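First the structure, in the form of structure tokens, and then the observations on it.
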Amino acid sequence: MSTNRMGRRAFLQASAGGAASLAMIEGSASGAEATGSSKPALLGGEPTHKGPFPSWPQIDERHEQVWQEVLKKRGWCRLNGDYVERFEAEYAKTIGTKFCLAVANGTSALIASLNALGVGPGDEVLVPPYTFVATINAVLLQYALPVFVDTDPETFQMDATRVEAAITERTRAILPVHLGGNVVDMDTLLAVSKKHNIPVIEDACQAHFAEWRGKRVASLGDTGCFSFQVTKNLCSGEGGALMTNREDLIERAGSFHTNGRPWGAKSGFGYVRNGSNLRMTEFQGALLLEQLPRVEAQSQIREQNAAHLTKRIEAIPGIRPAKSYEGTTRNAYHLYMFRYDPEQFAGLSRDRFREALSAEGIPNMSGYTPLNEQPFMKETLYSRGFVNVYGKETIDAYFGRIACPENDRLCTQGVWFTQNMLLGPRSDMDDIADAIERIHAHAKELIA
Ligand SMILES: Cc1ncc(COP(=O)(O)O)c(C=O)c1O
């Protein structure tokens, strides 16, 4: 752990939003079963966790009812219904922005944001390398250059202290991602944005209801983008939203998303600009209206469970849960992320650790690989269109300035649990911690 750095910055806390009471969640809190001493499931022992974790998405008969409603009304498109509009009004109120534009998915929200801000060929956008590929694709689709800012391994977030050094005269936007529902250091990031007068697009696709100093993320930048893809903490299969307080941006993005019609027009053939069709369907709007009131309670459960899990597993040598910056008043825990150190597990590789964890009944993922090193980056940037815009020399130079060594290391260490695993009883968290303790106790034998 980079203790020097931690000391200098002194603004990380062990678990964000930890103020919430743990009392709500029932179940065994002991976690003291002596699983550490019993044989790991991978070597023939009984799995620590029997039965599934909570399924996702959670549905009930109300979902069927609202779909039937939309179906029967026959107004399946937002141009002849009002579910999407009602969702936009509710969601803007919930997130704390003046405007919300519902769109087809999170990628569309990012594209509409970049378009509304005029980002295009010849421009640079500062992005993290530790994110879902859509963040980068949205930039590449504008024929702009995604310039990678290294990751803070303590938090898994774009390191806001490195943003200023990455700014050039071409930089047209900063695109931080609140990864896993955790929050970027927005004080530092917004100060740099203000100083250089560069707009901020928050990628909050994984961070519904996450907060920075009491304000919901996606309300802090010039725009904020959500995804409602089926795995997300608020979901409708596919879907997305662009949030903003700026009237010029809602007008540009709103028009862009409906073929260049004036924002708010439901019909007609008069166009105020070029555009695309990124509209959300009424089915999605109706589902989201139904799901929205459930998110607060679910967020609290995730936070409480995550706090308990952190308390238990941070005590295990070699397990370092992601921290949150001091300004984070809520982590949305779309992902529970931690770093795994094989040296503290007798040299047990991350792959074998994960295999042992799966055998214990604990599903897990290894997380992202470095986006800046993906082969498609070279294919894209040396394509005819990019070379026409930038010239080969600029592209060569670009590849010389996007190394992210901290992120490279993090990608070899990360382990994730998905948000639905945090929605069950506290005994589920104890099972996860017991399983890791057991693997730790038997690490030597587990080396294949
Ligand atoms: C960080 C991030 N950005 C953007 C997206 C894109 O959202 P969508 O899949 O809804 O297009 C996602 C979704 O997975 C995401 O996780």
Quiz item: Would a scan of segment 256-278 turn up a residue that is within 18 Å of HIS208 (Cβ to Cβ), within 11 Å of the ligand (Cβ to nearest atom) and at pLDDT 95 or above?
Solution: no
Practice problem: Name the single residue, out of those in segment 133-169 being of a type in the set (D, E, K, R) and closer than 22 Å to GLY367 by Cα, that is farthest from the ligand (Cβ to nearest atom). | Solution: GLU154
Exercise. For segment 243-284, enumerate the residues that are part of a loop (DSSP other than H, G, I, E, B), within 23 Å of LYS93 (Cβ to Cβ) and not aliphatic (A, V, I, L, M).
Key: ASN245, ARG246, HIS257, TRP263, GLY264, LYS266
Quiz item: Which of the residues that make up segment 323-350 are part of a loop (DSSP other than H, G, I, E, B) and within 11 Å of LEU179 (Cα to Cα)?
Solution: ASN331, ALA332, TYR333, HIS334
Exercise. Please work out if VAL192 is touching a residue at least 24 places away in the same chain (Cβ under 8 Å) and within 16 Å of the ligand (Cβ to nearest atom).
Key: no
Self-check item: Qualifying residues in segment 132-147 (those that are among the polar types (S, T, N, Q) and surrounded by fewer than 24 Cβ atoms within 10 Å (Cβ to Cβ)) - the one nearest to VAL217 (Cα to Cα)
Solution: ASN137
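So that you can scan it fast, the table gives a plain yes or no per residue for (1) closer than 28 Å to ALA89 by Cα; (2) of a type in the set (Val, Ile, Thr); (3) more than 16 Å from the ligand (Cβ to nearest atom):
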residue	(1), (2), (3)
ALA102	yes, no, no
ASN115	yes, no, no
PRO128	no, no, no
THR131	no, yes, no
Self-check item: Residue in segment 234-249 that is surrounded by the most Cβ atoms within 10 Å (Cβ to Cβ), counting only those that are away from the ligand (no atom under 11 Å from the Cβ) and of a type in the set (S, T, N, Q)
Solution: THR244
Quiz item: Is at least one residue of segment 60-68 modelled with pLDDT of 95 or more, surrounded by fewer than 21 Cβ atoms within 10 Å (Cβ to Cβ), acidic (Asp, Glu) and more than 16 Å from the ligand (Cβ to nearest atom)?
Solution: no
Quiz item: Is there any pair linking a residue in segment 393-406 that is more than 30 Å from GLU154 (Cβ to Cβ) to one that is modelled with pLDDT of 95 or more and among the hydrophobic types (A, V, I, L, M, F, W, C), with Cβ under 7 Å and at least six apart or on different chains, and which?
Solution: ILE395/LEU381; ILE395/PHE386; ILE395/VAL387
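The values are calculated or read from the model by the stated rules, or taken from the named source; none is laboratory data. A quick note: this is a predicted structure, and the numbers were derived from the prediction, not measured. Methodologically, a virtual Cβ is constructed for each residue, glycine included, from the backbone with ideal geometry; neighbour enumeration extends over all protein chains shown.
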